[in-house]
Structures are given as C-alpha cells and as structure tokens.
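Step one of this worksheet: look at the structure below.
The values are calculated or read from the model by the stated rules, or taken from the named source; none is laboratory data. Here the structure is a predicted model, which is why all the values come from computation and not from measurement. In this analysis, Cβ positions are derived from the backbone assuming ideal geometry, glycine residues included, and neighbour counts consider all displayed protein chains. We work out accessible area using only protein heavy atoms, side chains counted, and drop any ligands, DNA or RNA first. Shrake-Rupley method; radii C 1.70, N 1.55, O 1.52, S 1.80 Å.
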Amino acid sequence: MRFDYSRLKGRIKMIFDTQERFATAMGISARTVSLKLNNAVDWTQQEIILACELLKIPYRAIPDYFFTVLAKFN
C-alpha cells in the first residue's frame, strides 16, 4: 500500500524549508526522510509522534498526514 505524503511534504517545507533540515531535527538522514516520503521505507510510530511535535501537527490529524492512501488506477 502506498500513501500520499503531499500534505506532509508541504508542512515540512512550511516549517523547515528543506527536507534536510527536517531530517536533522528528526535525528535521521536526509536520505531516510526521502525514502519515507517516497514510500520506500515505513514511518515508525515514534517517528510519527516526533514529526507531529516538530511540525506542530495535532495528533488527531495523523491520518491526514501519514495514512492517506494513494488512489490505485489499473
């Protein structure tokens, strides 16, 4: 299953300007953030919570940022 992280990417841009700065704040590499945002690596629960704190995303909005499924067209 693939997720749509466009809203999350926009929030990262708004708060940190770059994925690299966000990655540093998260304590992970920019490559890891890129892999996560491109559905190659899953977010852990701890990473989701930290990302929400850093990006000022209310916990009730987690599904909107992390679990919006990309439409699948055959």
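Only residues that are buried (at least 18 other Cβ atoms within 10 Å of the Cβ) and of a type in the set (Val, Ile, Thr) were counted across region 49-59, and they come to 1.
For region 13-41, the candidate set comprises residues that are open to solvent by 50 Å² or more (accessible area, probe 1.4 Å) and not in a loop (DSSP other than H, G, I, E, B); within that set, the residue that is nearest to Glu53 (Cα to Cα) is Ile15. In region 1-12, the residues that are surrounded by 14 or more Cβ atoms within 10 Å (Cβ to Cβ) form Cβ pairs under 9 Å with partners that are outside any helix (DSSP H, G or I) and small (Gly, Ala, Ser), at six or more places apart or across chains, as follows: Asp4/Ala71.
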